[in-house]
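Okay, structure first, notes after.
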Amino acid sequence: MVLRFVVDTNVLFSVFKRDSGTRKIIYGHEFELELHSPLFAVSELKELKDVVIKKAKISEAQFYQILEELNERIFLWPIESYVEFIPIAEKITPDPDDVPFVALALKLNAYLWSNDKRLKETKEIKVLSTSEIIKMLEGAL
């Protein structure tokens with residue numbers, strides 16, 4: 001069974017932390033995960049490079065290595081690919097910053113992987129936190 005997720009930037013941010021649950025899920029091989037994100041999420045990570053390096057306690061070389069690995073594991077979508085879902089996402093999303101992620105989840109009929117509690121209010125898509133995904137995957141073993 002393939003599990004399809006749209007991954008928000010904050011979740012991607014946590015991949016850089018060596019012992020994070022997010023990293024274990026994304027790098028684990030027990031499950032076939034299909035991961036997607038808007039293309040701009042990578043730009044956001046690059047803009048936050050210094051913060052990521054400091055919080056994750058990694059070198060700049062490690063930052064770029066992990067970023068490259070993420071690019072290999074995650075399908076990145078330009079906004080033109082899901083633009084028709086933006087108006088719907090704008091109506092149902094509590095935070096304008098989350099609109100592209102919700103729109104992509106609508107397009108792909110995918111779970112949205114986010115630790116943002118306010119997104120749970122969005123009834124049109126299923127939003128799962130990292131801890132909920134861990135429980136889901138452990139239940140599948």
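The table below lists the values:
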{"item": "Least to most buried among ASP98, ASP8 (fewest other Cβ within 10 Å first)", "result": "ASP98, ASP8"}
{"item": "Within the range 1-85, GluC sites (Glu not before Pro) in DSSP loop having at most 13 other beta-carbon neighbours inside 10 Å", "result": "GLU30"}
{"item": "Cα gyration tensor shape of the range 63-126, rounded if a/c is under 1.5, else prolate or oblate by comparing a/b with b/c", "result": "prolate"}
{"item": "Local net charge near LYS17, Cβ-Cβ under 9 Å (Lys/Arg +1, Asp/Glu -1)", "result": "+3"}
{"item": "Whole-Å distance, taken between Cα centres, linking the range 48-95 and the range 15-47", "result": "9 Å"}
{"item": "Cα-based reach from LYS135 at 15 Å (exclusive), listing aspartates and glutamates while leaving out same-chain residues under 8 positions away", "result": "GLU30"}
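Every number in this text was worked out from the coordinates using simple rules, so none of it is lab data. If you're wondering where the values come from, they're calculated on a predicted model, not measured in any experiment. When we count neighbours, we look across all protein chains shown, and the Cβ atoms used for this are built from the backbone with ideal geometry, even at glycine.
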